[in-house]
Structure formats: structure tokens, C-alpha cells
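Working notes for the structure below.
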Amino acid sequence: IDFDLILENVKYLNLLAGEGSPQIKHTLQGARLKQPEPVPLTLYQNGIVMCNGAFRPYQDPSTQQCLQDIMDGYFPSELQPRYPDGI
């Protein structure tokens, strides 16, 4: 696992997702600016925690796929059900 590449790509993906840039959310009264909700990712020596979920060891195939997606420069594919219209 290339942690330097993961950190670099997470920064890039955060920019793509609009980190620090408010988004327009339409309401019945008009519109409001809303900050995008972050997707927390914590890296540990022996695994990860994402979206405040359960601890996932690096040996877990779903963890390996998640990190491979990030190392390839993509948002983790497991987030597609949570963000069907993209992040």
C-alpha cells in the first residue's frame, strides 16, 4: 500500500468533490449555500475506518478494493450507492 500516493490522491479527490466550495441547494423558498459533507477516512497501521463505520483490516478484500480505487485516482466504488449522482 502506497500511503503517500493515497494521501496525494485524497487531496486531489477532495478538490474534485468541492472541498471548501459551497454548493447551491434549492429549497421551496429559493436556494441556500451548503458545504459538501465530508467522507471521513482514517488510516491506521493495520486498517482503515471510513464513514465512521467499522474498522476494516488491510487484508479485507473490500478494503483493498477501496484503497486501490483511491490509488488509481478514483473515488471508492463502494460510495456509488451513497452518492448515485456522484460526489
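The values are calculated or read from the model by the stated rules, or taken from the named source; none is laboratory data. All figures in this text were calculated on a predicted structure; none of them were measured in a lab. Positions of Cβ are backbone-derived with ideal geometry, glycine not excepted, and every protein chain shown enters the neighbour counts. Surface areas here come from the heavy atoms of the whole protein model, side chains and all, with no ligands, DNA or RNA. Shrake-Rupley method; radii C 1.70, N 1.55, O 1.52, S 1.80 Å.
Since only Gly30, Ile70, Gly47 are under comparison, the one whose Cα sits farthest along the positive direction of the charge dipole of the chain, derived from C-beta charges on Lys, Arg, Asp and Glu, is Gly30. Each Lys and Arg contributes +1 and each Asp and Glu -1, all at the Cβ; summed about the Cα centre of the chain, the dipole is approximately 500 debye. Axis angle, to the nearest 10 degrees, between helix 3-16 and the longest C-alpha principal axis of the chain: 10 degrees. Heavy-atom surface analysis with a 1.4 Å probe gives the chain a carbon and sulfur content of 53 percent of its accessible area. Measuring r between the beta carbons of Glu78 and Ile24 and using R0 = 35 Å, the FRET efficiency lands at 0.80.
Modelled label positions at Tyr44 and Asp60, each set 7 Å beyond Cα in the direction of Cβ, lie 1.0 nm from each other. Residues Leu15, Leu7, sorted by accessible area with the largest first, give Leu15, Leu7 [1.4 Å probe; ligands and nucleic acids excluded]. The residues of the range 3-82 expose, per residue, 73 Å² of accessible area to a 1.4 Å probe. Over all other residues within a Cβ to Cβ distance under 15 Å of Arg56, the charged ones net out to -3, with Lys and Arg as +1 and Asp and Glu as -1. Within the set of other residues whose C-beta is less than 13 Å from the C-beta of Gly73, count the net charge using Lys and Arg as +1 and Asp and Glu as -1. Local charge sum for Gly73: -3. Just checking the listed ones, Tyr12, Tyr44, Tyr74: in the Gaussian network model of the chain with Cα springs under 10 Å, the one fluctuating most is Tyr44.
Helix 61-71 and the longest principal axis of the C-alpha atoms of the chain enclose an angle of approximately 60°. Heavy-atom accessible area with a 1.4 Å probe sorts Cys51, Cys66, largest first, into Cys51, Cys66.
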